[in-house]
Amino acid sequence: EFDGLRRIADAFPQIETSPLIILVDQFEEIYTLCPDTQHRDAFVANLLHAAGDRTQHVSVILTLRSDFLGETQQHLALNALISEQGYFVPMMQPEELKGAIAEPARRAGHELDPATIQLLVEQTQGRQGTLPLLQVALTRMWDGLEQGYHPLETLERIGGVGGALADEAQQLYQKLNEEERAIAPRIFVALVQVDGTSEVTRRRATKTELITSENDAPQVEAIINRFAAAKVRFLVTSFDKEQGEVVEVAHEALLRSWGQLKEWIAECRDALRQKHKIDRAAEEWARQGKPKGYLLQGRPLQDAKAFMKTHENNRVTALSRVAIEFIEKGVRKRRISQSRSLGAFLIFPLMGTILFLHFLLIERADLILSRTNDCQPDRGIKFLLNYMILTGYKYELKKINVCEESLHKINLSDATLSDSRFENANLAAANFKGARIRNSNFQGVLLVQANLENSILIDSDFGCSQDHCADLLGANLKGANLSGVDFQSAILFEANLHGSDLTNANLLGVEELKIEQFQDVTLCNTTLPSYLNVPGDRDC
């Protein structure tokens, strides 16, 4: 069926004595540039048929980027041949790189000095895409020679090898029209991964993730094509069976050297993490066939909805079209669920009214408790928090903010309070028995006579806030897990610590502690005041 290439070769004159060699350079482009599966399969089948013919009239040589070897699994026979006959070309060694840099210049009558060559090798060694980086830098240095600049002077002026690449990217960005320049930041920012530190790395993104609406689809397509063109290759596109067309930045050097991109990332680092989290959840939902079970609910849905509204007009952090649909479907599902619950009670007007007020209060409580502004006391917060506790929502109280509030005798036993803010709050005689309070801030909080028996307080901070230190005078922490808690300078006078776990905890600066308080406490890597004479690694 796919014998066209073989028949063409057979028709060549003197084919018996002069076999045909077919060289397919950049073979990966059949996966990145050809969306038609039938065309791609026919092309590969013609090559295999002709090369496998017994006449041996045709030999085929392919060059393929190593990161596309996995794509050849779409053609099993080809994949097997590459495994048997493939030759893996290693990265050029420093001496080989020196030759590649020096010899063409020497032949052209412009020998480069050893110092310049050594500097170029050092700036490219160990980086991905070494040769394209060198190509850009050497081209700029060659242009500089014509203008009377020494190669080293040019290299310094363009900011090194990576700087040359960044300069090329900036020039290409400036050539975009106004509408495309407004969209480009969103595309590039979506192609980076920001971790908890300042590290920025490449990430792959589907083309659908980069499109926020039908209106900007042509511009997104045009920008990707411009930056992925053969002469520049700042972006690389590939095709994934499950995800469709995928885009990524070709060179890590671009992330480190392109000042414009670094500015875009710096402007929205935190928002970027949240955007990627939502986009990934949306992509997984779409990949699974958009089932209702994958939709967000509760606090994650509220956070995603708030993010969508806040960033809908932001040129960099606007969510993708798929993510917007994902959130809207989640909101619709929640409304339907609430309407059904409400409808079941419509025959009882009083019950319907109560249910309506219930949802209103919960929504209001969620809004106030999740505030992100500075500590500003709210008179109604204790009532709303008590209402949520009463109606069973205390198991979903993550990331709440009750700093500066007066919550005397509040009952939060068995509650979930991870990543919450309590600094300078009055929690005297509060009941936290059995509560799970990981990674929360209790700086300067008042917990006199509070009950924290058997609670989990891992990685929370009970140190000082402004002029106030956390006061746990006479508090009951019996059996609590206090691993990694920072009690630095807190007041723990007469606190009950029996049976608690203080692994990795910090009690430096805590005054008036007694040895009796630590008799059956677990101490491992624990920082204790020197006056106690109790080893902090006693139980390791």
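The values are calculated or read from the model by the stated rules, or taken from the named source; none is laboratory data. Because the structure is a prediction, the values reported are computed rather than measured. Here Cβ is always computed from backbone atoms with ideal geometry, including for glycine, and neighbour counts include all displayed protein chains. Remember, those area values only see protein heavy atoms, side chains included, never the ligands or the DNA or RNA. Shrake-Rupley method; radii C 1.70, N 1.55, O 1.52, S 1.80 Å.
Quick notes on this one:
- Entry remark, region 42-88: residues being open to solvent by 60 Å² or more (accessible area, probe 1.4 Å) and farther than 23 Å from P19 by Cβ number 8 in total.
- In this structure, A100 does not satisfy being in contact with a Leu (Cβ under 8 Å, 6 or more places away or on another chain), under 28 Å from L210 (Cβ atoms) and surrounded by 13 or more Cβ atoms within 10 Å (Cβ to Cβ).
- Test: A182 is in a helix (DSSP H, G or I), surrounded by 15 or more Cβ atoms within 10 Å (Cβ to Cβ) and at pLDDT 80 or above: no
- When the residues of region 283-300 are filtered to those that are buried (at least 17 other Cβ atoms within 10 Å of the Cβ) and more than 14 Å from the chain's Cα centre (by Cα), the one that is farthest from I336 (Cα to Cα) is A286.
- Region 491-540, residues that are more than 24 Å from N424 (Cβ to Cβ), open to solvent by 20 Å² or more (accessible area, probe 1.4 Å) and among the small types (G, A, S): G499, S530
- Index of the failed condition, F239 passing every other in (1) more than 25 Å from M308 (Cα to Cα); (2) at pLDDT 80 or above; (3) touching an Asp or Glu at 6+ places or on another chain (Cβ under 8 Å): (2)
- Candidates A108, A137, filtered to the one that is under 28 Å from E29 (Cβ atoms) and either of a type outside the set (K, R) or modelled with pLDDT of 85 or more (or both): A137
- Of the residues making up region 208-236, those that are open to solvent by 20 Å² or more (accessible area, probe 1.4 Å), out of contact with any strand residue (DSSP E or B) (no Cβ under 8 Å at 6 or more places or on another chain) and outside any loop (DSSP other than H, G, I, E, B) are E214, N215, A217, P218, Q219, E221, A222, N225, R226.
- Restricted to region 1-96, the set of helices (runs of 4 or more DSSP H) holding at least 2 residues that are more than 30 Å from Q125 (Cβ to Cβ) comprises 4-10, 37-52, 76-85.
- The test for being open to solvent by 40 Å² or more (accessible area, probe 1.4 Å) and touching a strand residue (DSSP E or B) at 6+ places or on another chain (Cβ under 9 Å) does not hold for D36.
- Some residue of region 138-151 being acidic (D, E), part of a helix (DSSP H, G or I) and either in contact with a strand residue (DSSP E or B) (Cβ under 7 Å, 6 or more places away or on another chain) or closer than 23 Å to E248 by Cβ (or both): no
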